[in-house]
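Presented below is the structure to which this report refers.
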Amino acid sequence: MTETYQLHIDGQWRAAADGGTLPAINPYDQSIHAHIAVATGEDVEAAIAAARRAFDSVWSKTTPGERAKLLNRVADLLDADADRMALLETTDNGKVIRETHNQMGYAARIFRYYAGWADKMHGDVVPLDQKDTLDFAIRVPYGVVACVTAWNSPVAILTNTLPAALAAGNCVILKPSEHASTTTLEMMKLCEKAGFPAGVVQVVTGAGDVGAALTGSRLVDKVSFTGSPGVGRKIAAVAGGNLKPVTMELGGKSPNIVFDDADFDLALIGALAGIFGATGQTCIAGSRLLVQRGIYERMVEGLAARAAQIRMGDPRLPETEMGTAANEPQFDKILSFIAAARGDGARLVAGGGRAEGAGLEKGFFIEPTIFADVRNDMKVAAEEIFGPVLSIIPFDEEEEAVSIANDTPYGLASGVWSQDISRCLRMMRAVQSGVLWVNTYRVAAPQAPFGGMKDSGFGRVRGEAGIQEFQQTRNVFIDFSGDRRDPFSMKF
């Protein structure tokens, strides 16, 4: 029997105002495993109003220590429920169980990390020229925050923002992708069980119109969005019209740069993990592999051989190495990019189509695909695919690698593989990305800030920077001189 998930508004689970639902489809076998409520504009307005009441009457009066206790309770509950949560996320979006299980543990770690920050956001006492005036700057929450998340890693993306926003003192309304909503709704159950007051955390589900109603409201004080640049531009335009601050993580076309002095075997593994981990459906995917010409053909041959060995199958099984595309529209999009690369003359060395075989018949499986001799102006190299498709681009000198790497509107992540520390330090300064890995790839930590440049967005999640995104500075002057002269004169 499939479960029907309702909206969570003002401490209550309730159906959408018009009773609408949408199916949650397992991309492995096309079965419907749940039904998700589709919020109306009326539902969104109710959630915003509830968040405002909760902030004004309860949450703004809660101490940092009390917020920390609640966040730690969520972490404990998530740890205890990690197996079920991982299985549900794998069922919802086709990501392999090993990765979703790891992400649940990582999510709990982030909740604990920001629980620790809740009572450590100190202000500053500011020395002034005026002798009889005390000045201090304090950090205060925005109030009501809208967090719109993506389908590729729902819990991981949610925990990039939710615990930081709550620790900072905000109320949060979550809007997950219509393609993967179930684990966000299950996270809401954990928040409810942990004891968050009504209206502090809420979930409204549905398609893009629900997100637009939420992020476009003048009653929302701050917006956090993870998704495509196209949607990000629309949200930013509306937020700008309402003079609302936004934090955006908008994807990438990340260069993974291998020099001929690199540890070859380590770089090969890093290149594979960079693109085929999470079926390539990650904003940090190292989808452009830049290889110095001295090891170029060896790297092409090594990657092609290893890609052919990747085990595909039921993503719920621990031995499966790569799962499905998360949904049918994404599956079709990936195949269209593969066709375009063929048409542009890129050399196909691995994969190139829908994966076939026992156990793959019903799923949105795509072969691990590698194109060699790619030019940076080809569509396969220029546009974000969000799938298991690797473009290998040769280069001769360091300056050429930098030029190719930066010749993109994106600037989220990058990788450099070299045993020359001086070169690595030069690349650290030269490559335009918010995150750069040296002799590794896809490493993340709660303490380390993450975010992009250029079309990859702005603002940061995780680390101290992540909680600062959800606070603003208020300055306070206190005159203790007792001076009763003209109150309209400025004291300089």
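The values are calculated or read from the model by the stated rules, or taken from the named source; none is laboratory data. Here the structure is a predicted model, which is why all the values come from computation and not from measurement. So basically every Cβ, Gly included, is an ideal-geometry build from the backbone, and we count neighbours across all protein chains shown. The protein model used for the area step is the full one, side chains on, heavy atoms only, and it has no ligands, DNA or RNA in it. Shrake-Rupley method; radii C 1.70, N 1.55, O 1.52, S 1.80 Å.
Quick notes
- Two-site label geometry, E192 and C424: point separation in nm, points 7 Å out along Cα→Cβ: 4.8 nm
- Cα-centred dipole magnitude for the stretch 99-257, charges only on beta-carbon of K, R (+1) and D, E (-1), debye, nearest 20: 240 debye
- Cross-link table K234/K333; K234/K454; K222/K253, entries beyond 24 Å C-alpha to C-alpha: K222/K253
- Most positive-pole-ward Cα, H8, G452, V38, against dipole of the chain from beta carbon charges: H8
- Taking a straight Cα-Cα cut-off under 21 Å and skipping sequence neighbours fewer than 8 places away in the same chain, the lysines within cross-link reach of K189 are K69, K175.
- A straight Cα-to-Cα reach below 12 Å connects K95 with the aspartates and glutamates D314, E321, residues fewer than 8 places away in its own chain not being considered.
- Of the residues F365, G116, G169, the one whose Cα sits farthest toward the positive end of the charge dipole of the chain, with +1 on the Cβ of Lys and Arg and -1 on the Cβ of Asp and Glu, is G169.
- The Cα center of the stretch 64-98 and the Cα center of the stretch 104-158 differ in position by 21 Å.
- Lysines whose Cα lies under 30 Å from that of K131, excluding same-chain neighbours fewer than 8 positions away: K120, K491
- Rough spin-label spacing in nm, given labels placed 7 Å along Cα→Cβ, for T4 and D373: 5.8 nm
- Within the stretch 380-422, GluC sites (Glu not before Pro) in DSSP loop having at most 12 other beta-carbon neighbours inside 10 Å: E397
- Carbon-plus-sulfur accessible fraction, the chain (probe radius 1.4 Å, protein heavy atoms only): 53%.
- What you get for the stretch 79-163, charging only the Cβ of Lys and Arg (+1) and of Asp and Glu (-1), is a dipole of about 220 debye around the Cα centre.
- In this entry, the stretch 1-65 is assigned a mean projected area of 6.6 nm², taken as a quarter of its C-alpha convex hull surface.
- Fraction in percent of alpha-carbon pairs per bin - 10 Å, the stretch 208-293: 16, 33, 19, 19, 11, 1
- The label point for D76 and the one for A448, both projected 7 Å from the Cα toward the Cβ, are 3.0 nm apart.
- Loop sites here are trypsin sites (Lys or Arg not before Pro) outside DSSP states H, G, I, E and B with no more than 11 other Cβ atoms within 10 Å. The longest part of the chain free of them is 312-483.
- Placed amide H near G199: partners under 5 Å, 5+ positions off or other chain: D10, G11
- The chain - mean residue ellipticity at 222 nm from DSSP helices (-39,500 (n - 2.57) per run, n ≥ 4, rounded to 500): -12000 deg cm²/dmol
- Accessible surface of T247 - all protein chains present, 1.4 Å probe, nearest 10 Å²: 10 Å²
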